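Chemist: Would you mind keeping the following structure in view while I ask a few things?
The values are calculated or read from the model by the stated rules, or taken from the named source; none is laboratory data. The shown structure was predicted, so the numbers you read here are calculated from the model rather than taken from an experiment. Glycine gets a Cβ as well: all are built from the backbone with ideal geometry, and neighbour counts include every protein chain shown.
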Amino acid sequence: MIDADMTLDETAEGIRTMEIRGAGRIARTAVEALDEHAATLPAATPREFRDGMQRAADLLLATRPTAVSLPNAVRAVMRGLEADHPVDDLRAAFHGRARAFVASSAGAVERIGEFGARQIRDGDVVMTHCNSEAALACIVAAHRAGKRIEVFATEVRPRGQGLLTIRRLNDEAIPTHYIVDSAARSFVNEVDLVIVGADAVTVNGAVVNKIGTAPIALAAHEARTNVIVAAETYKFAPLTTVGARVPIEERPPAEVLPDEVAATLPHVRVRNPAFDVTPPEYVDLIITEAGAIPPTMAWMIIRDHLGWSIDEFRRVFERS
Ligand code: RUB
């Protein structure tokens with residue numbers, strides 16, 4: 001839920017600075033901000049309303065490039081604005097779509113938790129990376145179902161999202177080991193299952209998630225430990241069906257090395273990609289609210305659950 005006093009600009013800034021973060025939360029917050037905007041946007045004609053909403057959507061879409069949940073969510077609420085209905089009807093319909101999206105997103109996380117918990121056995125040790133609502137939903141649901149589990153949670157350099165994860169696990173009284181990212185390989189043999197979230201899933205089942213996910217999946221694969229990805233259907237990237245790549249956000253160097261230190265090292269360039277790509281070969285199962293699928297079935301989610309028509313693909317290509 002966003003602060004009702006937050007303007008569209010403040011929301012965009014909050015996403016950019018990661019005060020609002022995590023693919024699902026970004027999607028819901030953007031939709032809520034658009035809904036607030038739609039309620040008060042001055043517009044005399046449907047066209048003015050549509051144009052004003054498109055400008056607002058573009059502002060939000062420009063905040064962070066990787067989580068495909070953002071464009072998928074924006075598209076879900078913006079479709080329907082093409083109709084030449086009276087402005088008040090467009091506002092009301094927008095509000096309905098926004099509320100439906102937020103409710104279905106919350107419901108999806110809950111369903112994923114139920115499905116994901118079934119993959120966790122009594123006594124399992126689970127490793128997770130970053131701070132994913134969907135991945136945590138699986139872990140928490142298994143714990144609440146009475147399964148005795150332990151978790152290894154990584155620190156998540158450079159932004160330290162692991163702290164959010166261990167707080168949540170601690171609140172649930174789930175025994176947790178907190179490790180630096182580079183220790184993941186050292187503990188993977190003590191782990192039965194890796195569960196992470198996703199910012200994007202491509203048509204071939206590759207998973208884009210927090211930097212450091214791919215090496216953990218690689219180590220798990222080598223150790224024959226299953227890797228499960230918890231991802232709502234709106235994390236699947238439709239444009240990857242026609243060859244588009246998911247852009248990997250590169251964040252400010254100062255997140256890794258303070259500017260004053262960097263200033264003393266003129267030959268050093270800091271690189272700070274926020275996400276990496278885990279190939280489908282290292283993913284055993286993707287759990288969505290529509291069910292659990294092997295990564296090779298990712299195309300089916302794009303076809304059956306995101307509802308892109310050929311005309312929409314064509315329009316995207318005409319614009320690019
Ligand atoms: C967050 C991250 C999360 C996914 C899934 O990155 O990589 O694993 O977004 O999260 P950042 P969720 O902190 O840079 O936004 O399941 O909550 O959508």
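Chemist: Just for the range 143-161: of the residues that are free of Cβ contacts under 8 Å to residues at least 40 places away in the same chain and within 16 Å of the ligand (Cβ to nearest atom), which one is farthest from Ser182 (Cα to Cα)?
Modeler: Val151
Chemist: Just checking, does the range 28-37 include any residue being in contact (Cβ under 8 Å) with a residue 12 or more places away in the chain and more than 17 Å from Ala103 (Cβ to Cβ)?
Modeler: For the range 28-37, residues in contact (Cβ under 8 Å) with a residue 12 or more places away in the chain and more than 17 Å from Ala103 (Cβ to Cβ): present.
Chemist: Would you check if Leu163 is assigned to a helix (DSSP H, G or I), over 17 Å from the mean Cα position of the chain (by Cα) and of a type in the set (A, V, I, L, M, F, W, C)?
Modeler: Answer is yes for this residue.
Chemist: State all residues of the range 146-195 that are at positive phi and crowded, with 17+ Cβ neighbours inside 10 Å; if no residue qualifies, say none.
Modeler: Selection gives Val156 alone.
Chemist: Somewhere in the range 121-134, is a residue in the same structural domain as Val208 (by TED's automatic domain parsing), out of contact with any strand residue (DSSP E or B) (no Cβ under 7 Å at 6 or more places or on another chain), of a type outside the set (A, V, I, L, M, F, W, C) and within 12 Å of the ligand (Cβ to nearest atom)?
Modeler: The answer is yes, given that some residue of the range 121-134 is in the same structural domain as Val208 (by TED's automatic domain parsing), out of contact with any strand residue (DSSP E or B) (no Cβ under 7 Å at 6 or more places or on another chain), of a type outside the set (A, V, I, L, M, F, W, C) and within 12 Å of the ligand (Cβ to nearest atom).
Chemist: Looking at (1) under 18 Å from the mean Cα position of the chain (by Cα); (2) within 16 Å of the ligand (Cβ to nearest atom); (3) among the small types (Gly, Ala, Ser), can you tell me which one Gly205 breaks?
Modeler: (2)
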